[in-house]
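Have a look at the structure below, then the notes.
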Amino acid sequence: MTMKHSGARKLKELSNFYSSFDQLNGVHPWMDAVKDGYVSYKVRELQVGKIAYFNFILAKEMGLLPPDHPHQMTEDLEKKLIETFSLQIINEYDELTHRRVDPETVRPHRYMATRYLQLQHANKQGKTSGDGRGIWNGTVYHRGMTWDVSSRGTGVTCLAPGAVEAQKPLKTGGTEFGYGCGLAEIDELLAASILAEVMHLQGLRTERVLCVIDLGKGYGIGVRAAHNLIRPAHLFLYLKQEKYEALKAATDYLIDRQVDNKAWDITSKGLNKYDDLLAHVCTSFGEFTAQMDIDYIFAWLDWDGDNVLADAGIIDYGSVRQFGIRHDKYRYDDVERFSTNLNEQKQKARLIIQVFAQMVDFLKTKKKKTSSRLCPPSAS
């Protein structure tokens, strides 16, 4: 075999290695399971950026890279990552202003920004809130496990607090309204990539950062992955809105994913499976809160179930801190309000569990009771 043919074969093999990223095309099972659980957007390829961080270990765990791939960024791999993740939504502002977009750069599938409950919104039923600057890239299936993959810094959606405050579509990159820019700062993304891996190595359930793309001017796109990126808030909005069918669909989706990934052992059928869900959630949040308390880890918990994963894990590292000594007085300053502190995390976790109990009761009776009428479930 000539050197020329050998090189061509090697290039083809590398190309096949990286074709695993093609499954991240915007299609996600949540879109079929929960019809009104998201806002969909056309997406365009930016075709710019540099890879500032790539988690080779995580990529191999997900089956996106072969096990023997060197932990070195190749020109072909960087090109594939830019093609896959350097994206921006074509949002409502772009549509209204008839922004010119090269049709060759528009992806064939629409991507979703999911709806979920958020306390920073005036509406406390989740009617306006959700992914304000992010989209879900899709799922990856490898060795019997499904992974969720999503990106942040991909443009401002109609679910952003700033867009809701403005009561009009916002241009991506604008700074007139808080939480209305749609972009992510590169230092924030790099800090999250490091801290998430630190938490993972300590045995905590957590999102992990697969990739960070530097777009220049201090901004970037961060790609997160986990076996399940659904938050309690993805379910709680339907409880607050008393939308039974949507809540059932979302909860069934969560149970099916957890069972398929062998994270939860739920064999009960019918309505009894929701009791099993509650038992798993109680145990998970009890263990999670105890470990954070022991290790002095601050993660902003609240009853809305926004800044935490449904299986009790860390997501959104902007406010997460780990202290060398117990810092009871620390609160995160989120401009309009201050967070809880270490001592209050256990109380907030209890409130999340109470909302789960309220949700399960609603699923079983179709009647929404106030949480005060429900006995707090045991975490034992």
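Structure values in brief
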quantity	calculated
Test for G126: is it open to solvent by less than 10 Å² (accessible area, probe 1.4 Å), among the small types (G, A, S) and under 25 Å from F236 (Cβ atoms)	yes
A312 on the phi > 0 side of the Ramachandran plot, touching a helix residue (DSSP H, G or I) at 6+ places or on another chain (Cβ under 8 Å) and crowded, with 21+ Cβ neighbours inside 10 Å	yes
Condition check for G26: more than 18 Å from the chain's Cα centre (by Cα), of a type outside the set (K, R) and at pLDDT 95 or above	no
Which numbered condition I297 fails, given (1) more than 17 Å from Y238 (Cβ to Cβ); (2) in contact with a helix residue (DSSP H, G or I) (Cβ under 7 Å, 6 or more places away or on another chain); (3) open to solvent by less than 10 Å² (accessible area, probe 1.4 Å)	(2)
Sole residue being outside any loop (DSSP other than H, G, I, E, B), within 16 Å of the chain's Cα centre (by Cα) and buried (at least 19 other Cβ atoms within 10 Å of the Cβ), chosen from L229, L189	L189
Residues of the range 26-42 satisfying the condition of being open to solvent by less than 60 Å² (accessible area, probe 1.4 Å) and assigned to a helix (DSSP H, G or I)	W30, M31, A33
Flag for C181 being surrounded by fewer than 21 Cβ atoms within 10 Å (Cβ to Cβ) and either in contact with a His (Cβ under 7 Å, 6 or more places away or on another chain) or part of a loop (DSSP other than H, G, I, E, B) (or both)	no
Among residues of the range 192-226, those that are assigned to a helix (DSSP H, G or I) and at positive phi, counted	0
Selection count where residues are under 22 Å from the mean Cα position of the chain (by Cα), at pLDDT 95 or above and among the aliphatic types (A, V, I, L, M), scope the range 92-151	7
Residue among M199, M145 that is among the hydrophobic types (A, V, I, L, M, F, W, C), in contact with a strand residue (DSSP E or B) (Cβ under 8 Å, 6 or more places away or on another chain) and farther than 16 Å from F56 by Cα	M199
Qualifying residue in the range 244-264 (condition: in a strand (DSSP E or B) and under 19 Å from W30 (Cβ atoms))	no
Unique residue being polar (S, T, N, Q), surrounded by 15 or more Cβ atoms within 10 Å (Cβ to Cβ), out of contact with any strand residue (DSSP E or B) (no Cβ under 8 Å at 6 or more places or on another chain) and not in a helix (DSSP H, G or I) when the list is T289, T340	T340
Yes/no for L235 being touching a strand residue (DSSP E or B) at 6+ places or on another chain (Cβ under 6 Å), over 14 Å from D316 (Cβ atoms) and not acidic (D, E)	no
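The values are calculated or read from the model by the stated rules, or taken from the named source; none is laboratory data. These figures come from a predicted structure and were not determined experimentally. Don't worry about glycine lacking a Cβ; one is built from the backbone with ideal geometry, like all the others, and counts go over all protein chains shown. The protein model used for the area step is the full one, side chains on, heavy atoms only, and it has no ligands, DNA or RNA in it. Shrake-Rupley method; radii C 1.70, N 1.55, O 1.52, S 1.80 Å.
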